[in-house]
């Protein structure tokens, strides 16, 4: 079984896993509250984050890969911030939306890094310079951010047609600009200092790329 690199200063793996479990309980309570109050939007905005916190355990079972406690806590915190934001802080505190976008963007950036690193490992003839990796991570995060904003508009349009509240809230063009700005901040944080947390994910993706190549 492989293990993910990176550590959180001052937090042992045991404390990280305890944090993940507490967050899962909190998300489960939010989902329960949403079901009792028949709030479909909140069910989605808390249910999907809850499912994401199970991803490390699923990867460990299916691929015999230990994602690692720090990254599992990182995923859980991003999920928790989004679910709590759907309860009201998104509308009440502008800084909360910016913080959540930054944290979420770091995870998207990690996926982008894993993809480009897996491509670099896919063949000896492929060699991607550091500058390309840096730009790829930024473009990957910005592209995902644009798709997310399109999803918010689509959610608002669907809600207007069928009635009810949109699953993804949209707060105007200025909100889009700030969302993309803080997405970029999150991407820069990972591109400059945080790629080590995702080396194991890159190894896992490269195994999939290699397997796909062998099957052709």
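The residues of the stretch 49-69 that are within 19 Å of residue 85 (Cβ to Cβ) and free of Cβ contacts under 8 Å to residues at least 12 places away in the same chain amount to a single one, 51.
The residues of the stretch 154-194 that are within 15 Å of residue 82 (Cβ to Cβ) and within 15 Å of the chain's Cα centre (by Cα), listed by number, are 179, 182, 183, 186. The set of residues in the stretch 82-100 that are crowded, with 16+ Cβ neighbours inside 10 Å and assigned to a loop (DSSP other than H, G, I, E, B) contains only 87.
Readers should treat all values here as calculations from the given coordinates under stated rules, not as data from a laboratory. Since we're looking at a predicted model, the values are computed, not measured. Backbone-built Cβ (ideal geometry, glycine too); neighbour counts: all protein chains shown.
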